[in-house]
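The values are calculated or read from the model by the stated rules, or taken from the named source; none is laboratory data. Given the structure is predicted, the values throughout are model-derived calculations rather than measurements. A quick note on method: Cβ atoms are made from the backbone with ideal geometry, for glycine too, and the neighbour counts reach across all protein chains shown.
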Amino acid sequence: MTIRTARPDRGQHFRSRIHCLKKLEATMVEMQDPKCGVKGSEQKLNITTIPHVITGKDIIAWIASNVKITPEEAQAFGTMLVAYGYIYPLQNHRKLIMCNDTSLYRFQTPYFWPTQTWVAEDTEYAIYLAKRNIRKKGVLEPYEQAHYNHLHKWLNHKWDFIVLQATEQYKAGRERKKPDRVVFDCQERAYWMVNRPPRRTHSAMDCGPERLIDPNADEVTGQIFCWSHFCFCRLVKYITTYKNHDPFLATCLPSNPWQTDNDTYWNLNMRGIDVPTKMRVERWSFSFFELLNDLRGRDDFKIFLKKEFSGENLAFWEAAEELKLGTASSMSTKAETIFKTFLAPGAPRWINIDGRTMGLTVKGLEHPHRYVLEAAQTHVFLLMKKDTFFRYLKSPVYKEIQKKALNPEPHNFTPADLEQNARNRSPGIHPIILWQQEEQEKAKAAAASAPVDVKAMMSKIDRKK
């Protein structure tokens with residue numbers, strides 16, 4: 001590893017997981033305790049004797065005994081320790097899992113722990129690969145060779161410095177004893193296996209928008225960064241637009257009816273009101289969907305379309321919505337009416353859509369269903385959204401309703417008044433009881449409007465006599 005004199009702040013990178021990592025490190029300290037930790041021994045790896053080697057089953061047994069969990073949970077916990085680089089395998093370094101057998105593992109030195117070491121930079125990884133390339137005489141593993149080629153292109157401007165550093169580190173490593181050299185090589189390889197995993201694999205060190213399938217693929221990184229930036233900008237725009245219309249972030253004018261028991265807010269926002277509020281009119285300009293979703297705004301939009309002699313588009317859109325949300329028994333009748341009114345040649349309110357959409361729609365009307373007009377409705381909606389909606393916002397109709405819009409004065413309720421309202425508030429009637437009352441009223445109204453059978457009434461009178 002390259003020796004540095006300054007240590008960057010890695011707490012910012014792992015701030016969301018720092019508490020979890022501190023707990024893992026406390027567990028690692030207990031596991032390495034000479035008295036009550038996992039007992040290690042010397043083991044031969046090929047022809048080299050490696051000190052302080054532990055087996056997978058010993059680690060799992062210690063975790064299950066000290067943490068008081070099942071062996072399956074202990075194995076999953078051990079796999080997490082391996083994935084974060086606190087324990088590394090000696091035999092199969094690419095398999096970052098904990099096996100419940102005699103597989104050999106070693107504890108990683110604290111220098112390479114996630115919260116102790118520096119951020120894994122491309123320059124350091126390039127030096128490691130160059131040193132490994134010298135030691136292996138140009139024979140690297142496929143994923144290492146791919147990373148090596150990528151970094152050689154990316155860091156070509158300082159590749160001479162990287163090769164020089166790798167050569168010096170290789171010479172310094174040759175002066176160590178062979179067991180120490182093998183241990184350090186395994187530690188360094190385990191560190192880079194966690195921080196620079198093979199392509200198409202995940203790493204436990206990835207987090208947030210930086211979590212990538214391939215950490216070194218420029219195309220994937222660019223796509224994810226651009227998409228994250230786009231989503232973030234859309235979220236900021238949405239919050240900025242709607243913050244004054246959110247009752248949790250801004251006050252309701254004139255007052256919140258759920259707190260004050262004053263229904264002025266609801267009365268001012270009814271559909272049939274002649275003059276809407278300024279907040280309501282402002283919301284129409286946010287999007288075409290907001291305009292159509294507000295029935296009062298839709299009525300105002302109809303007035304504009306009538307002056308533009310293009311009201312058939314909105315009428316067709318409403319008819320398609322009615323067909324989509326209507327009953328199944330009236331579907332055929334509504335579909336036939338829509339065809340004769342909007343789609344048939346020479347129809348009184350014929351809509352102008354492209355031939356392909358018209359052909360698909362007319363063919364689908366032979367066997368009508370709820371979504372048979374979906375393509376034509378979407379086409380008409382986009383036409384109104386891209387053209388008519390913006391002309392409406394600039395029209396005298398919208399400007400006139402903006403001038404007339406009300407700006408209600410806020411009601412001044414003291415905390416004592418709100419508390420008194422809460423005390424005097426009676427519990428609401430259960431919806432089932434309300435439904436039963438409505439059904440009874442409907443039955444009475446139907447009985448009152450039904451024709452009177454004179455013979456039946458006379459027979460009842462005769463029986464009473």
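Sort out which residues of the stretch 371-397 are aliphatic (A, V, I, L, M) and touching a residue at least 24 places away in the same chain (Cβ under 8 Å), and write them in order of number. Give the steps one after another, and end with the answer.
Going through the stretch 371-397, the residues aliphatic (A, V, I, L, M) turn out to be 372-373, 375-376, 380, 382-384, 393, 397.
Hits for the stretch 371-397 are VAL372, LEU373, ALA376, VAL380, LEU383, MET384, LEU393, VAL397.
Any residue at all in the stretch 99-106 that's surrounded by fewer than 16 Cβ atoms within 10 Å (Cβ to Cβ) and touching a residue at least 24 places away in the same chain (Cβ under 8 Å)?
Filtering the stretch 99-106 for residues surrounded by fewer than 16 Cβ atoms within 10 Å (Cβ to Cβ) gives 101-102.
Then drop every residue that is not touching a residue at least 24 places away in the same chain (Cβ under 8 Å), which leaves 101-102.
Yes, there is a match, as at least one residue in the stretch 99-106 is surrounded by fewer than 16 Cβ atoms within 10 Å (Cβ to Cβ) and touching a residue at least 24 places away in the same chain (Cβ under 8 Å).
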Conditions (1) under 27 Å from ASN269 (Cα atoms); (2) under 37 Å from the mean Cα position of the chain (by Cα); number of the one not met by LEU418 | (2)
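If I ask for residues that are farther than 21 Å from ASP300 by Cα and among the aromatic types (Phe, Trp, Tyr), which ones from the stretch 361-391 would you list?
Filtering the stretch 361-391 for residues farther than 21 Å from ASP300 by Cα gives 361-376, 378-379.
Result: TYR371, single match.
Has the stretch 60-73 got at least one residue that is in a loop (DSSP other than H, G, I, E, B), out of contact with any Lys or Arg (no Cβ under 6 Å at 6 or more places or on another chain) and either surrounded by 14 or more Cβ atoms within 10 Å (Cβ to Cβ) or in contact (Cβ under 8 Å) with a residue 12 or more places away in the chain (or both)?
Going residue by residue through the stretch 60-73, those that are in a loop (DSSP other than H, G, I, E, B) are 68-70.
Filter once more, so that each one left must be out of contact with any Lys or Arg (no Cβ under 6 Å at 6 or more places or on another chain): 68-70.
In the following step, the residues that additionally are either surrounded by 14 or more Cβ atoms within 10 Å (Cβ to Cβ) or in contact (Cβ under 8 Å) with a residue 12 or more places away in the chain (or both) were identified as 69.
Checking the stretch 60-73: at least one residue is in a loop (DSSP other than H, G, I, E, B), out of contact with any Lys or Arg (no Cβ under 6 Å at 6 or more places or on another chain) and either surrounded by 14 or more Cβ atoms within 10 Å (Cβ to Cβ) or in contact (Cβ under 8 Å) with a residue 12 or more places away in the chain (or both).
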Selected residue (only one of SER16, SER65 is at pLDDT 90 or above and among the polar types (S, T, N, Q)) = SER65
Among all residue pairs at least 6 apart or on different chains, which show Cβ distances below 6 Å where the first residue, located in the stretch 247-261, is in a helix (DSSP H, G or I) and the second is surrounded by 13 or more Cβ atoms within 10 Å (Cβ to Cβ)?
-> PRO257/TYR265; GLN259/LEU418; THR260/PHE413
Failed criterion for ASN92 (all others in (1) in contact (Cβ under 8 Å) with a residue 24 or more places away in the chain; (2) part of a loop (DSSP other than H, G, I, E, B); (3) under 39 Å from the mean Cα position of the chain (by Cα) hold) = (1)
Taking the residues in the stretch 308-323 that are charged (D, E, K, R) and at pLDDT 90 or above as candidates, determine which candidate is nearest to TYR371 (Cα to Cα).
-> GLU321
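Can you find a residue in the stretch 267-275 that is in a helix (DSSP H, G or I), within 30 Å of LEU253 (Cβ to Cβ) and outside the structural domain of LYS243 (by TED's automatic domain parsing)?
The answer is yes, given that some residue of the stretch 267-275 is in a helix (DSSP H, G or I), within 30 Å of LEU253 (Cβ to Cβ) and outside the structural domain of LYS243 (by TED's automatic domain parsing).
What helices (runs of 4 or more DSSP H), lying completely within the stretch 338-430, carry at least 3 residues that are under 30 Å from ILE273 (Cα atoms)? Write out each step before concluding.
Working: elements: 355-364, 374-383, 389-393, 396-404, 415-424.
Because the criterion is at least 3 residues that are under 30 Å from ILE273 (Cα atoms), the helices (runs of 4 or more DSSP H) in the stretch 338-430 that meet it are 374-383, 389-393, 396-404, 415-424.
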